[in-house]
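Asks: Below are the structure tokens for one structure; questions will follow.
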There are 2 protein chains.
Amino acid sequence: MTDVRIAGVGLTKFGSHPERTGRDLFAEAALAAREDAGVSRDDYEEIFYGNFMGELAEKQGHQGPVMAEAAGLDCPATRYEQACASAGVAFRQAVATIRSGAADVVLAGGMERMNNLGTAEVTQSLAIAADELFEVRAGVTFPGAYALMARAYFDAFGGDSEDLAHVAVKNHANAMQNDYAQFHREITVDDALESPIVADPLSLYDACPITDGASAVVLVSDDYAERHGLDAPVSVTGSGQGGDKAALQDRPHLARTPAATKAADAAYADAGIGPDDVDVAEVHDCFTIAEVLALESLGLYDHGEGVGAAARGETTRDGDLPVNLSGGLKAKGHPVGATGTAQVVEMTKLLRGDHGNSDAVPDARVGVTHNAGGTVASAVVHVLEVDR
Amino acid sequence: MTDVRIAGVGLTKFGSHPERTGRDLFAEAALAAREDAGVSRDDYEEIFYGNFMGELAEKQGHQGPVMAEAAGLDCPATRYEQACASAGVAFRQAVATIRSGAADVVLAGGMERMNNLGTAEVTQSLAIAADELFEVRAGVTFPGAYALMARAYFDAFGGDSEDLAHVAVKNHANAMQNDYAQFHREITVDDALESPIVADPLSLYDACPITDGASAVVLVSDDYAERHGLDAPVSVTGSGQGGDKAALQDRPHLARTPAATKAADAAYADAGIGPDDVDVAEVHDCFTIAEVLALESLGLYDHGEGVGAAARGETTRDGDLPVNLSGGLKAKGHPVGATGTAQVVEMTKLLRGDHGNSDAVPDARVGVTHNAGGTVASAVVHVLEVDR
């Protein structure tokens, strides 16, 4: 099977850009990735593009061709929609396409605009990622759904809001060294605990913000990288996807996310590694509890052990297994359809040594990214390894 | 590279099902395909699902997991959105995934609900497949856009409304033998010419109807088919995708669809065939002029020659190259996100000999399907071949 290498990565600044169009945002990220890769424009063969709610935010469906033009590329482009895992599944198919031998050079990325909508409208728009018949009509929104999962976790395994506050504190601290992050503001555990309740037991600092932004990654076959002498030290060695029932009510356990376990197991097997080999991780912390569930589903912690990881300093910048050095969705921001490839951008830079937090993981060889859709009804995990 | 075989196909009746949910429609098609395939439920590894406007029609995004449950399968499912080519690109990635060796058994399909919306709301919802900034704001809808293309065609190459009427008459006649078709009503050239103008020069019978429906295809590796002794005589031997500028104003020629040419050239090269080898075709006739443009873009006719093909009897049931024996989008119906795989279902049955119109092509060996998005800003072409 062809090895897949990451030749270039690009991001916009994450934050509030209500005055910019989606195509403008994606153009910036795609052109940055193209410049970073240094690959001839004519060699791009296909674009894999993630977007969640363009129909609602910009009245623009069929964004593939629109974004190909924005990226300045004359090749087919396909849009993937998988809620918050949209760019993750796009990236996965980009990897599969190179591995199949059908292409040598592709671009994967994603974009989301959210701040042009009001807060209530954004919450309602995000809710279409839940089960319309069995959740949304009953009044479920995502803060409420993740609050249910947090409550179930506390009941099953212990832990409390202070443990979750440490996750937020950690991720805000990590974002200080990330120029592209939405927030550059350190917070304390007391700040988090004293913030307004959003959905008990989750408060404001347990939730990621509303974010506009785009991300892009240039992927090439090993053979192409060699032939063209590209500086592309990071490879994608493992890819996995998992699925679960859309509605929480149909699942046996609210404090576990087996879709992520299936995705991780598949990605580890694909890469020929185990969770003990992971040096650094970017996980889908749309809420602080989601980071905890991810750590456990990925086999990085046993069930019940993940909740205290940040408080114990194990997943912080100076810990043994730094998690979300980018700042995570919590502090870097979460432009939904762009997050999956944004995680790959951050991990690539962390492993290459050109990230603001690379000094925290100077010897890291294996990184894992975990991107989730809805209440982890969808999950995508990738293993990235750097030549050292 | 692994050969890909079609082990089973399924459809709902196309038509107006405003009282049925999308998951109900997809369940029917998927279960029919699963029954036709006779593959063990546990062997399904991934679902590739096309849907265009579920956010607007059912307030349901993230349909992958919802549809996996509807199909009765416990495997990851990804939603593809590429306007009217949504199921076409989903099918293409299903083929690529089997070829890459990542899976042996997958299900590809699509679903669309439209009739629960009013006619004006459907037209506005469909318009999100056009360029929002440069077309929709200027008042372009799809009947208007295809009318511009028809007018440009007549100006560049000749032909007239009567030629287009013959396309509608042909496709209505073909649908008479298709139990799943929305219309079972033969029409005459006069009926078509006397029908109300929708967007000059296109009248009512130049346009496909508004349709609810779903389609599904079970794909397996050659190796799996052999090991399990499956009766799967139809193979997917070629796959190609092409892209173009989203907005008509950015294209050099309104009477050509180069995205389809790129897709067809790639698919023919992949299959090792040329257009002369094609025995039967299902093409994307959302409007009668679209069938004409498809015939020419696929190299089945020279530019300017396609418009008279139906009138000359060459693409009719008894012609040398029957086109849209299913009835086409025109008379079979066009549930947009389901159409790409519905074409594959029809072609598979035509080639296997169990279609109501199989007797028109008893010796056909090579069939081509052509699925387009927007004003052919996206196109997907597949080559199917049957063992004879």
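The values are calculated or read from the model by the stated rules, or taken from the named source; none is laboratory data. Note that the structure is a prediction, hence the values are computed from the model and not measured. Cβ placement follows ideal geometry from the backbone for every residue including glycine, while neighbour counts extend to all protein chains displayed.
Asks: Report the residue count in segment A:22-35 for those that are under 20 Å from A:ALA103 (Cα atoms) and buried (at least 23 other Cβ atoms within 10 Å of the Cβ).
Replies: Of the residues in that region, 2 qualify.
Asks: Let me ask something else about it. In segment A:335-369, which residue that is closer than 25 Å to A:GLN82 by Cα and out of contact with any helix residue (DSSP H, G or I) (no Cβ under 9 Å at 6 or more places or on another chain) is surrounded by the fewest Cβ atoms within 10 Å (Cβ to Cβ)?
Replies: Only one residue fits best here, namely A:THR348.
Asks: What is the number of the single condition among (1) part of a strand (DSSP E or B); (2) more than 14 Å from every other protein chain (Cβ to nearest Cβ) that A:GLY242 does not meet?
Replies: The number of the failed condition is (2).
Asks: Could you identify the single residue in B:GLU314, B:GLU305, B:GLU291 that is of a type in the set (Asp, Glu) and crowded, with 24+ Cβ neighbours inside 10 Å? Walk me through it before giving the result.
Replies: On the way: B:GLU314 fails: crowded, with 24+ Cβ neighbours inside 10 Å; B:GLU305 fails: crowded, with 24+ Cβ neighbours inside 10 Å.
Criteria check complete, one pass: B:GLU291.
Asks: For segment A:250-283, which residues satisfy the criterion of being more than 14 Å from chain B (Cβ to nearest Cβ) and touching a residue at least 60 places away in the same chain (Cβ under 8 Å)? Walk me through it before giving the result.
Replies: Of all residues in segment A:250-283, those more than 14 Å from chain B (Cβ to nearest Cβ) come to A:253-256, A:268, A:272-283.
Result: A:HIS253, A:LEU254, A:ALA255, A:TYR268, A:ILE273, A:ASP277, A:VAL278, A:ASP279, A:VAL280, A:ALA281, A:GLU282, A:VAL283.
Asks: I would also like to ask the following. Please verify whether segment B:346-354 includes one or more residues that are among the β-branched types (Val, Ile, Thr), under 30 Å from B:VAL136 (Cβ atoms) and part of a helix (DSSP H, G or I). Outline the logic, then answer.
Replies: Pass one, segment B:346-354, residues among the β-branched types (Val, Ile, Thr): B:348.
Cutting the leftovers down to under 30 Å from B:VAL136 (Cβ atoms) gives us none.
Within segment B:346-354, not a single residue is among the β-branched types (Val, Ile, Thr), under 30 Å from B:VAL136 (Cβ atoms) and part of a helix (DSSP H, G or I).
Asks: For segment B:220-239, name all the residues that are within 30 Å of B:GLY374 (Cα to Cα) and either within 14 Å of chain A (Cβ to nearest Cβ) or not aliphatic (A, V, I, L, M) (or both).
Replies: Scanning segment B:220-239 gives B:SER235, B:VAL236, B:THR237, B:GLY238, B:SER239.
Asks: Residues that are under 26 Å from B:SER16 (Cα atoms), more than 9 Å from chain A (Cβ to nearest Cβ) and touching a residue at least 40 places away in the same chain (Cβ under 8 Å): which strands (runs of 3 or more DSSP E) entirely in segment B:33-147 hold 1 or more of them? Before you say what the answer is, go through the steps one by one.
Replies: On the way: elements: B:46-50, B:77-81, B:105-112.
Correct list: B:46-50, B:105-112.
Asks: Scan segment A:18-31 and tell me whether some residue there is among the β-branched types (Val, Ile, Thr) and in a strand (DSSP E or B).
Replies: First pass over segment A:18-31, keeping only residues among the β-branched types (Val, Ile, Thr): A:21.
After this cut, where a residue has to be in a strand (DSSP E or B) as well, the list is none.
No, there is no match, as no residue in segment A:18-31 is among the β-branched types (Val, Ile, Thr) and in a strand (DSSP E or B).
Asks: Among what's in segment B:216-236 and is surrounded by 19 or more Cβ atoms within 10 Å (Cβ to Cβ) and of a type outside the set (A, V, I, L, M), pick the residue that is farthest from B:ALA77 (Cα to Cα).
Replies: The residue in question is B:SER235.
Asks: With the condition kept exactly as written, say whether any residue in segment A:239-258 is more than 20 Å from B:ARG79 (Cβ to Cβ), within 18 Å of the chain's Cα centre (by Cα), assigned by TED's automatic domain parsing to the domain that holds A:ALA138 and polar (S, T, N, Q).
Replies: No; the residues of segment A:239-258 include none that is more than 20 Å from B:ARG79 (Cβ to Cβ), within 18 Å of the chain's Cα centre (by Cα), assigned by TED's automatic domain parsing to the domain that holds A:ALA138 and polar (S, T, N, Q).
Conditions tested, residue by residue: (1) modelled with pLDDT of 95 or more; (2) farther than 19 Å from B:ALA83 by Cβ; (3) among the polar types (S, T, N, Q); (4) buried (at least 19 other Cβ atoms within 10 Å of the Cβ).
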{"site": "B:ASN174", "(1), (2), (3), (4)": "yes, yes, yes, yes"}
{"site": "B:VAL189", "(1), (2), (3), (4)": "yes, yes, no, no"}
{"site": "B:GLU194", "(1), (2), (3), (4)": "yes, yes, no, no"}
{"site": "B:TYR205", "(1), (2), (3), (4)": "yes, yes, no, yes"}
{"site": "B:ALA214", "(1), (2), (3), (4)": "yes, no, no, yes"}
{"site": "B:THR261", "(1), (2), (3), (4)": "yes, no, yes, yes"}
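Asks: Of all residues in segment A:57-104, which are acidic (Asp, Glu) and more than 25 Å from A:SER40 (Cα to Cα)?
Replies: In the first step, residues of segment A:57-104 are kept if they are acidic (Asp, Glu); the result is A:58, A:69, A:74, A:81, A:104.
Passing the criteria: A:GLU58, A:GLU81.
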